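Just so you know, all these numbers are worked out from the coordinates, no wet-lab data involved. Note that this is a predicted model, so its numbers are computed, not measured.
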Amino acid sequence: MSTAIVTEKQYIEEREGCYRIAGKRVSLVKIVYAFLAGQSPESIVQSFPVLTLEEVYGAIKLYLANRTVIDDYLSAGEKIF
């Protein structure tokens with residue numbers, strides 16, 4: 001008997017022009033800002049109890065892999081406000 005390992009999972013989805021944790025209302029922006037402020041993934045889960053630790057790590061992984069693009073996205077959003 002073999003066990004299948006999930007090699008890639010989508011943690012982020014785009015809805016209504018905003019990137020969110022898949023199936024949740026929490027935006028990627030909130031996770032990224034918490035991470036950049038020095039919060040640990042465990043602390044972020046405490047702040048957003050609807051999220052799992054796996055989802056937070058997935059969001060951080062996506063951010064780190066696409067840092068320039070996401071930083072530009074964050075900067076564009078800040079200029080609007």
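Do me a favour and compute the ellipsoid semi-axes for the chain from its Cα gyration tensor, root of five times each eigenvalue, largest one first, whole Å.
They are 24, 15, 12 Å, listed from largest to smallest.
Within the chain, helices built from complete DSSP H runs that reach 15 Å or longer along their own axis (Cα positions) and carry a mean Kyte-Doolittle hydropathy of -1.0 or higher are 53-65, 67-80. Extension gain for the segment Glu42 to Lys24, taken as residue separation times 0.36 nm less the Cα-Cα distance, is 4.7 nm to one decimal.
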